[in-house]
Amino acid sequence: MGVGELRMCSERLSMMGTLSSEFKSCLQAVTEQPRIYADANVAAGLVAFMRDRLRWDVLFVIEHDDLRRASDQEHNRVARRLLRTLITFDRDFLENKRFRPSKNGGVVVMSVPDQRTRRRLLQSLDRNIFGGPVQHERRKALATSTIPLEGRKIDVHPGWDEQ
């Protein structure tokens, strides 16, 4: 193999990504919707709101027998592996020792008492974090990052978006 052939081979290899990077680029082409992992303590009605009203791509653990009784650590790992932002009401996910930000794909912890406020705050999250339907170009740009909140945690409560 000559120098020219080695250079061409090297250029081809540098153009190819890892399986993970190739998967991410395919995923970006398929969906611009926020990819959500809703754990077991998120109400089915709220999941329906995320899917129907906000048009989010939501994996709801209650609908999957193998995930329904998984530990919090397993939910965190699976959400990241599936390139999804985890949404929960479990405040344990805010503990940085147990759930290091560098080891998550983004976590949204909600602490909201009533359904109406939860929906309003999810709409705010859609607008301010995921780009929302009004900001279609921003949503497309965020889709290229695949997990917009990767390595971050947000404690969503009344007034969180006014700070």
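The values are calculated or read from the model by the stated rules, or taken from the named source; none is laboratory data. Treat the numbers as computed from the prediction; the structure is a model and nothing was measured. Every residue, glycine as well, gets a Cβ built from its backbone with ideal geometry; the counts of neighbours run over all protein chains shown.
The table below lists the values:
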| quantity | calculated |
| --- | --- |
| Top-ranked residue in the stretch 140-158 [being at pLDDT below 85 and either of a type in the set (Gly, Ala, Ser) or surrounded by 13 or more Cβ atoms within 10 Å (Cβ to Cβ) (or both); ranked as nearest to the chain's Cα centre (by Cα)] | Ile147 |
| Within the stretch 89-102, tally of residues that are surrounded by 13 or more Cβ atoms within 10 Å (Cβ to Cβ) and within 15 Å of the chain's Cα centre (by Cα) | 2 |
| Qualifying residues in the stretch 103-132 (those that are surrounded by fewer than 18 Cβ atoms within 10 Å (Cβ to Cβ) and among the basic types (Lys, Arg)) - the one farthest from Ala48 (Cα to Cα) | Lys103 |
| The stretch 19-37 - residue that is among the polar types (S, T, N, Q) and in contact with an Asp or Glu (Cβ under 8 Å, 6 or more places away or on another chain) and, of those, modelled with the lowest pLDDT | Thr31 |
| In the stretch 37-81, the residues that are crowded, with 20+ Cβ neighbours inside 10 Å and touching a His at 6+ places or on another chain (Cβ under 8 Å) | Tyr37, Asp39, Val61 |
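One line per residue, one yes/no per condition, for (1) over 27 Å from Glu162 (Cβ atoms); (2) in contact with a helix residue (DSSP H, G or I) (Cβ under 6 Å, 6 or more places away or on another chain); (3) polar (S, T, N, Q); (4) modelled with pLDDT under 95:
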| residue | (1), (2), (3), (4) |
| --- | --- |
| Asp39 | no, yes, no, no |
| Asp66 | yes, no, no, yes |
| Arg80 | yes, no, no, yes |
| Phe89 | no, no, no, no |
| Arg100 | yes, no, no, yes |
| Asp114 | no, no, no, yes |
| Phe130 | no, no, no, yes |
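Conditions tested, residue by residue: (1) without any contact (Cβ under 8 Å) to a residue 12 or more places away in the chain; (2) in contact with a strand residue (DSSP E or B) (Cβ under 9 Å, 6 or more places away or on another chain).
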{"residue": "Trp56", "(1), (2)": "no, yes"}
{"residue": "Ile62", "(1), (2)": "no, yes"}
{"residue": "Asp65", "(1), (2)": "yes, no"}
{"residue": "Leu82", "(1), (2)": "no, yes"}
{"residue": "Asp126", "(1), (2)": "no, no"}
{"residue": "Phe130", "(1), (2)": "no, yes"}
